[in-house]
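What follows draws every value from the coordinates through simple rules; no lab data is involved. Predicted, not measured: the structure shown is a model, and the values here were computed from it. Don't worry about glycine lacking a Cβ; one is built from the backbone with ideal geometry, like all the others, and counts go over all protein chains shown.
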Amino acid sequence: MGNSRMLSVDNLNLSFGGIKAVDQVTFHINEHELLGLIGPNGAGKTTVFNMISGFYKADSGTIKLRDEVINELSPDEVNKAGIARTFQNIRLFGQLTVVENVLLAMQQTETLGWKESLLRTKSYREKEATLKAHCIDLLKIFSLDHLAEELACNLPYGLQRKLEIVRALATKPKLLILDEPAAGMNHQETEDLKKLIHFVKQKFNLTVLLIEHDMKLIMSICERIVVLNRGVKIADGTPAEVKANQNVIEAYLGKRTQLHG
């Protein structure tokens, strides 16, 4: 694990209609780290996630990707800066093919001029063919190349999740943020997902931020965990430290007991 910081969140605040959703939240992610962000329902996890990815703007506080302040960037600009995210509810283009979904994402980081695109010039067609070949290479890594021309909506749930991660990787991120990727998955799909996250992190030399309700998955995969409750950070430590933290136990279970996972 690198010691340099990939992402720094400092004194982040956001209110909705007078209700404080995020209150003075501060944490960081080291380069190549796999960090979990957890908390009970309404803890502010997804709000923080949406601020990092540019969907919400903080009332105050700072978000930095390495040394670049990204608070005011749009979601597209955040993506171009080096952060890719997946969504809790899968957001594939169901009526496009598998390869078209990846191609659209890859075009985020490539310059295909609109005039070339409109006229479908020779240089545009050549660029498009090169990009498509890169897409197929990426799909091969994940054993999805044989489904390249299949409509995304026809894939089983677990493969749709995998495709969404592949699509995020097509934008060449430094930081991959996953919003509840195990939602709706059975035990075997969750085990496969765990292997996939490990594989992606190593293969693409990535830093990963994971929001997840599946405590067993979080405890078994994350190197460090940040816990929010009612918009406030209540813990930050290794899985063992978090599991034994009485503030965390009480936030989840409302009593002093042992947190399993």
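The helix-based estimate of mean residue ellipticity at 222 nm for the chain, built from -39,500 (n - 2.57) per DSSP H run of four or more residues and divided by its residue count, is -11500 deg cm²/dmol to the nearest 500. Cross-link partners of LYS243 among aspartates and glutamates, defined as those whose alpha carbon lies under 14 angstrom from its own and excluding same-chain residues fewer than eight positions apart: ASP214, GLU223. Partner aspartates and glutamates whose Cα lies under 16 Å from the Cα of LYS127, excluding those fewer than 8 positions away in the same chain, are identified as GLU100, GLU110, GLU116, ASP137. Computed extension gain for GLU72 through THR26, at 0.36 nm per residue and net of the alpha carbon distance, reaches 14.8 nm.
Net charge dipole, the stretch 1-86: roughly 180 debye, given to the nearest 20, about the Cα centre with Cβ charges of +1 for Lys and Arg and -1 for Asp and Glu. For LYS194, which lysines qualify as cross-link partners when the Cα separation must be under 17 Å and same-chain residues fewer than eight apart are set aside? Correct list for LYS194: LYS162, LYS203, LYS216.
For the stretch 79-89, 3J(HN,Hα) computed residue by residue from phi via the Karplus equation (6.51, -1.76, 1.60; θ = phi - 60°) reads 4, 5, 6, x, 10, 10, 10, 10, 10, 4, 9 Hz, glycine and proline entered as x. Amide H contacts for LEU228 (H built 1.01 Å from N in the peptide plane; partners 5 or more residues away or on another chain; cut-off under 5 Å): ILE38, GLY39, ILE234.
Charge tally for VAL166 (other residues, Cβ to Cβ under 12 Å; Lys, Arg +1; Asp, Glu -1): +2. Here the chain carries DSSP beta bridges of which approximately 55% are antiparallel, counting only pairs with both residues inside. In percent, how large is the relative contact order of the chain, given Cα pairs closer than 8 Å and 6 or more residues apart? The value is 26 percent. Which one, (i) 18.9, 57; (ii) 19.0, 79; (iii) 19.3, 68, gives Rg and Dmax of the Cα atoms in Å as derived from the coordinates shown? Read-out from the structure maps to (iii). Exceedance of the 27 Å cut-off in Cα-Cα distance is limited, within the set LYS64/LYS201; LYS172/LYS233; LYS57/LYS80, to LYS172/LYS233. Under 5 Å between amide hydrogens, built in the peptide plane, is the criterion, and for ILE177 it picks out ALA84, ARG85, THR86, LEU209 among residues at least 5 positions away or on other chains. The HN-Hα couplings worked out from phi for the stretch 234-244 by the Karplus form 6.51 cos²θ - 1.76 cosθ + 1.60 (θ = phi - 60°) are 10, 7, 7, x, 5, x, 5, 5, 5, 4, 8 Hz, whole numbers, x standing for Gly and Pro. Karplus-derived 3J(HN,Hα) values for the stretch 41-50, using 6.51 cos²θ - 1.76 cosθ + 1.60 with θ = phi - 60°, are 4, x, 6, x, 4, 5, 5, 4, 4, 5 Hz; glycine and proline are entered as x. Using the Cβ-Cβ distance between ARG5 and ASP192 with R0 set to 30 Å, the FRET efficiency from 1/(1 + (r/R0)^6) comes to roughly 0.45.
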